[in-house]
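As structure tokens, the structure follows; a few thoughts come after it.
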Amino acid sequence: MRELLLPKFNNNDEGCVLVDWAVEDGDEVFADEVVAEVETAKALEELVADVDGVLHRLVEVGAQCEFGRPVGLLFDSHQERDDYLANLASAEVSTAPEGEDADHDGGPEPILSDAARTLAQDHGIRSEQLRSLGKRVVKASDVQRLIDQGVMDQGAESAAAGAAADAAAVVSLSTRQRAVAAVVSEAHRTIPAAFAAIAVDLTAFRATRGGGAPYGLVELLVKAMAARQADFPLFFATPGADHTLVLASDANVGVTIDVGTGLFIPVLRDAARRPIGDLADDLMDFRVSALRQNFRGDAFADEAITLSLHNDPDIILAAPIVHPGRTCVVTLCAERSEVALAEDGTPFTRPVTTVAVTYDHRYLNGRDAVRFLTAVKQDLESADAIARLAG
């Protein structure tokens with residue numbers, strides 16, 4: 001028997017979410033065959049078997065998994081797996097609540113896996129409901145099926161509640177959305193986030209576009225962010241142990257890319273020193289790779305700060321989550337027209353956008369966020385600064 005271990009796909013995450021199994025439980029797999037698909041904070045990754053064997057799953061779809069831990073077992077034969085399951089079923093595992101007899105008229109208590117037992121306890125699934133499955137060994141997926149069917153701890157009313165649940169319109173989340181839910185839940189559970197936003201006048205930027213500049217606002221903002229790494233190093237850092245931060249050596253900016261095939265965050269490496277035209281070329285390559293879903297393996301490595309694009313028309317404000325492993329995420333919203341007053345009181349319209357930052361309040365404070373945004377705003381509003389960043 002060999003453990004199917006989850007490799008460390010990147011250095012910024014502690015784990016990932018298993019979004020789909022490509023092989024059925026108990027089926028044969030071959031070396032180098034894709035057996036599962038997992039999602040980190042940055043991208044989807046494929047888990048490949050390193051040897052031939054018969055697969056036994058240890059985790060369910062949607063489970064949060066730690067790097068370096070097994071998500072399955074590979075047995076040399078079906079008989080070896082059957083022996084393993086028989087030994088597992090013979091273990092002394094009981095799910096009866098304290099003081100309650102485990103031997104009921106409905107039959108013997110089933111054997112529950114650890115995950116199934118936890119799920120049953122969390123959702124109030126009773127012993128008679130577990131026995132109704134007719135299985136000697138109950139897995140977490142079996143308990144989840146009871147939950148999805150509306151079989152809850154309602155005593156004599158359980159049959160009526162089940163009928164009402166059957167009659168209701170129920171929509172199941174996709175495996176991808178369940179993975180997103182796991183990441184978002186973990187971020188909200190562990191990161192005390194705060195938020196600040198600032199308006200940016202795009203008049204100077206529009207003037208450069210009139211001259212046929214070969215870059216857009218996204219590339220210019222990436223350059224403006226990267227240029228401030230020395231002044232605001234904690235915005236480009238990775239949280240460590242015991243209230244420490246690991247500062248990034250380069251201004252590597254991850255940019256969200258979503259062309260309808262899923263969210264990806266490839267990294268524009270060394271953005272402070274590279275020409276803005278090179279960054280524009282990379283962003284175009286990223287969009288093509290997102291469409292084809294064929295990113296290079298290193299496209300997501302060594303991210304220091306994230307830029308989240310919410311520049312669809314009419315989006316004036318957005319506050320994305322801070323991904324675990326980052327201290328902040330910068331947001332760019334849509335361009336819009338705004339009425340302003342000249343010094344003599346004459347009204348006029350000007351192009352503006354909103355640049356915001358969501359930040360981990362354990363490491364960054366509100367004053368720092370405002371100073372960072374103000375510095376970026378000054379660069380985006382100054383013709384001289386734009387020329388310097390784009391030069």
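Per residue, how large is the accessible surface of the chain? Use a 1.4 angstrom probe and give square angstrom.
51 Å²
When the chain is fully extended, how far beyond the present Cα-Cα distance does Ala340 get from Leu85, taking 0.36 nm per residue of separation?
That works out to 84.5 nm of additional length.
Based on the alpha carbons, how large is the Rg to Rh ratio for region 255-391 when Rh follows Kirkwood?
That ratio is 1.00, to two decimals.
For region 259-334, what does the equivalent ellipsoid look like in terms of its semi-axes, each the square root of 5 times an eigenvalue of the Cα gyration tensor, given largest first in whole Å?
They are 20, 16, 14 Å, listed from largest to smallest.
Just the accessible area for Val288, please: 1.4 Å probe, Å², rounded to the nearest 10?
Looks like 50 Å² after rounding.
Rounded to two decimals, what is the ratio between the C-alpha radius of gyration of region 195-317 and 2.2 N^0.38 Å?
Cα Rg divided by the expected 2.2 N^0.38 Å: 1.12.
Could you give the length gained by full extension between Ser174 and Arg189, i.e. 0.36 nm per residue of separation minus their alpha carbon distance, to one decimal place?
3.2 nm
Pairs of lysine in the chain with Cα under 27 Å and at least 8 positions apart or on different chains: total?
Pairs that pass both the separation and distance tests number 4.
When Lys and Arg each count +1 and Asp and Glu each count -1, what net charge do the other residues less than 10 Å away from Ala375, Cβ to Cβ, add up to?
Its environment carries a net charge of +1.
Which value, in Å² rounded to 10, gives the accessible area of Arg81 with a 1.4 Å probe and all protein chains present?
30 Å²
Suppose accessible area is computed on protein heavy atoms with a 1.4 Å probe; arrange Met1, Met225 from highest to lowest.
Met1, Met225
Using only the alpha carbons of region 176-247, what is the convex hull's orientation-averaged projected area in square nanometres?
8.1 nm²
How are the C-alpha pair distances of the chain spread across 20 Å bins, as whole percents from the shortest bin up?
23, 44, 26, 7, 0
Tell me what the chain gives for mean residue ellipticity at 222 nm when only DSSP H runs of n ≥ 4 count, each as -39,500 (n - 2.57), the sum divided by the residue total, rounded to 500 deg cm²/dmol.
-9500 deg cm²/dmol
If you average the alpha carbon positions of region 344-385 and of region 213-245, how far apart do those two centres end up, in angstrom?
14 Å
Starting from 0.36 nm per residue, how many nanometres of slack lie between Ser77 and Asp148 once their C-alpha separation is accounted for?
22.2 nm
The values are calculated or read from the model by the stated rules, or taken from the named source; none is laboratory data. All of these numbers come straight from a predicted model, not from anything done at the bench. Glycine gets a Cβ as well: all are built from the backbone with ideal geometry, and neighbour counts include every protein chain shown. Accessible surface is based on the protein model in full, side chains and every heavy atom, while ligands, DNA and RNA are left aside. Shrake-Rupley method; radii C 1.70, N 1.55, O 1.52, S 1.80 Å.
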